[in-house]
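Worksheet: the structure to be examined is printed underneath.
The values are calculated or read from the model by the stated rules, or taken from the named source; none is laboratory data. What you see is a predicted model; the values in this text were computed from it and never measured. All Cβ positions, glycine included, derive from the backbone under ideal geometry; neighbour counts span all protein chains shown. Please note that ligands, DNA and RNA were not included when accessible areas were found on the heavy atoms of the full protein model with its side chains. Shrake-Rupley method; radii C 1.70, N 1.55, O 1.52, S 1.80 Å.
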Amino acid sequence: MWLLASLLGGMFLGNVDIAVVNVAIPSIRDRLHATGSELELIVSGYTLAYAMLLITGARLGEIRGRRWTYLLGLVVFTVSSLACGLAPNGGALVGARVVQGIGAALMVSQVLTGIQVNFEGPARRRALGAYTGVLGVSSVIGQALGGVLVSADILGTGWRPIFLINVPIGALLLIAAFIFLPADEGTGQKKLDLRGVGLLSLALFLLVTPLVMGQDAGWAPWTWGCIAASLPVFAVFAVVEGGITRRGGDPLMNVGLLARRPVALALVSQAATRAGYFALLFVLALYLQQGLGKSAVYAGLVPVAWVATFALVGPVLGGAGARTRRLAAPVGSLLMAIAFAAMAAGAQSTGWLVVLLGIGGVGYGAAFSGTLAHLTESVEARYAPDMSGLFNTTLQVGGTMGVAVFGTVYLGLAEPSSTPKDAFSTTSAALAVVSVAASALILLAGKAQSASTSKS
């Protein structure tokens, strides 16, 4: 119990700080006189560092030891949170946020690997259910905590408590992790593939940067150039890593896992459902506030129905039977599609939104938990670091891509020539199609895994 709590505590902190800063941006702008570009980087710098280093962090945990890497990440995250809270200007806050993202990546990349290595059978399923639950709860708290702390203006500090609160929590978690995380020596013989780190970091930077900043930049030519340039860099990374594997070396990532249909299909399915979830949160906030003139409080509370039901599903599925777990992901994606389709059909009153968001949250919780269980059961334990890095990176890139693509769709439709309601309905219909595709992909992944198991 304490081992799992120590692991999940780091994931909780890392995920809370993805969203907690958004509501504090006006206060940061006013008190630090931060420029528009600084404000963008205060939000996106954390996400970029976090997404870029998840795979590297997972491999570092295997080489140096998961316990050591987790504790290092927690120390970096806690100290950089203090630096964020004390930042004297926008530039200092940007730098501290980037370092905070590095610490979060080192922590979070050890969590899924730790669960896969330290838990077996029903205990692992319960641990994965708790993983899903904490992911959902952290989203709820991240959404609400920023507003509460900024509004409280504790001792006139404005936005600073959203970062300073991490310091005592991080210190307590550091003590717990030091006591309860099992010692592991790492492989000892492997070295970190620095060439792979450089290539993968560059590829992810080229892909994620325009996705994060493209809308505010009006999708300028440089954004499309970066996305296009990321593709050959990913290709070179795959070739280099494959060559290292064939020579018996130690690659940053075993790219052979992506050649396994059960793994590749499941990751694409999860990217699609994650994209739908993040896109909904972004588009719904715009529609409710700019389209319908609702308050920020209203727009912040309505999506809690989705996030809260998402958090409940994982622990329930953790104790379910094998057949239920196999069907959870495809059925969950279809529930998401039903919720999106109903919104597209015009069920957009407050009551309907709460009900449909609750259904969508159940669907996403089932899709997330079912896919996670499928992936952890589809690969051998020695590939746990690879799977952890791939899964967490898929979540970050998928969510970022969802906001970029569907946010652009909504904003493009919500012009004077179209009403906000029509724009929201059309975007919701597109999200329903994506969810149906995600259901088909994870269903194919399950069949591919069954066929692979029967052959062996």
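Check segment 396-417 and report whether any residue there is within 23 Å of Pro315 (Cα to Cα), open to solvent by 10 Å² or more (accessible area, probe 1.4 Å) and assigned to a helix (DSSP H, G or I). Yes. Restricted to segment 436-455, and to residues that are open to solvent by less than 50 Å² (accessible area, probe 1.4 Å) and farther than 19 Å from Leu335 by Cα, which residue is modelled with the lowest pLDDT? Filtering first and then ranking leaves Ala451. In the set Val255, Val268, only one residue is within 23 Å of the chain's Cα centre (by Cα), at pLDDT 90 or above and closer than 26 Å to Ala373 by Cα; that residue is Val268. Criterion applied to Thr376, Thr408, Thr427, Thr400 was being touching a residue at least 12 places away in the same chain (Cβ under 8 Å), under 23 Å from Val197 (Cβ atoms) and of a type in the set (Ser, Thr, Tyr), and the one residue passing it is Thr400. Taken over segment 373-404, the criterion of being farther than 26 Å from Thr427 by Cβ and either under 13 Å from the mean Cα position of the chain (by Cα) or of a type in the set (Lys, Arg) (or both) is satisfied by Arg382, Ser388, Gly389, Leu390, Phe391, Asn392.
Which of the residues spanning segment 343-393 are among the acidic types (Asp, Glu) and under 23 Å from Gly321 (Cβ atoms)? Correct list: Glu377 only.
Restricting the first member to segment 348-368 and to residues that are surrounded by fewer than 24 Cβ atoms within 10 Å (Cβ to Cβ), and the second to residues that are of a type outside the set (Lys, Arg) and assigned to a loop (DSSP other than H, G, I, E, B), the beta-carbon pairs closer than 6 Å and six or more apart or on different chains are Leu353/Val302. Within segment 330-344, is there a residue that is under 21 Å from Val405 (Cα atoms), assigned to a helix (DSSP H, G or I) and hydroxyl-bearing (Ser, Thr, Tyr)? Within segment 330-344, one or more residues are under 21 Å from Val405 (Cα atoms), assigned to a helix (DSSP H, G or I) and hydroxyl-bearing (Ser, Thr, Tyr). Residue-level check: of (1) in contact with a Lys or Arg (Cβ under 6 Å, 6 or more places away or on another chain); (2) assigned to a helix (DSSP H, G or I); (3) not aliphatic (A, V, I, L, M), Gly243 misses just (1).
Could you tell me whether any residue of segment 123-138 is outside any helix (DSSP H, G or I) and either modelled with pLDDT of 80 or more or within 30 Å of Gly321 (Cβ to Cβ) (or both)? Checking segment 123-138: not a single residue is outside any helix (DSSP H, G or I) and either modelled with pLDDT of 80 or more or within 30 Å of Gly321 (Cβ to Cβ) (or both).
The selection criterion, being crowded, with 16+ Cβ neighbours inside 10 Å and part of a loop (DSSP other than H, G, I, E, B), holds for Asp184. Considering only residues in segment 283-312 that are among the polar types (S, T, N, Q) and in contact with a helix residue (DSSP H, G or I) (Cβ under 6 Å, 6 or more places away or on another chain), the one that is least open to solvent (accessible area, probe 1.4 Å) turns out to be Thr309. Does Gly147 count as at pLDDT below 80, of a type in the set (Gly, Ala, Ser), in contact with a Gly (Cβ under 6 Å, 6 or more places away or on another chain) and assigned to a helix (DSSP H, G or I)? In short, no. Criterion first (touching a Ser or Thr at 6+ places or on another chain (Cβ under 8 Å), in a helix (DSSP H, G or I) and modelled with pLDDT under 85) does Gly103 satisfy it? Answer is no for this residue.
If you go through segment 236-249 and keep only what is more than 10 Å from Gly196 (Cα to Cα), surrounded by 12 or more Cβ atoms within 10 Å (Cβ to Cβ) and not β-branched (Val, Ile, Thr), you end up with Gly242, Gly249. Restricting attention to segment 34-61, the residues being over 17 Å from the mean Cα position of the chain (by Cα) and either buried (at least 24 other Cβ atoms within 10 Å of the Cβ) or hydrophobic (A, V, I, L, M, F, W, C) (or both) number 7.
Exactly one residue out of Ile169, Ile175 is without any contact (Cβ under 8 Å) to a residue 12 or more places away in the chain, open to solvent by 60 Å² or more (accessible area, probe 1.4 Å), in a helix (DSSP H, G or I) and of a type in the set (A, V, I, L, M): that is Ile175.
Restricting attention to segment 187-230, the residues that are among the acidic types (Asp, Glu) and either within 23 Å of the chain's Cα centre (by Cα) or exposed (fewer than 13 other Cβ atoms within 10 Å of the Cβ) (or both) total 1. Looking at this structure, is Gly73 in contact (Cβ under 8 Å) with a residue 40 or more places away in the chain, surrounded by fewer than 24 Cβ atoms within 10 Å (Cβ to Cβ) and not hydroxyl-bearing (Ser, Thr, Tyr)? Criteria not met by Gly73.
For segment 430-450, a residue qualifies if it is in contact (Cβ under 8 Å) with a residue 24 or more places away in the chain and hydroxyl-bearing (Ser, Thr, Tyr), and the qualifying residues are Ser435, Ser439. The condition of being in a helix (DSSP H, G or I) and closer than 25 Å to Asn392 by Cα holds for only one of Leu60, Leu82, that being Leu60. The listed residues are Val94, Val98, Val111, and the only one of them that is within 13 Å of Leu7 (Cα to Cα) and of a type in the set (A, V, I, L, M) turns out to be Val111.
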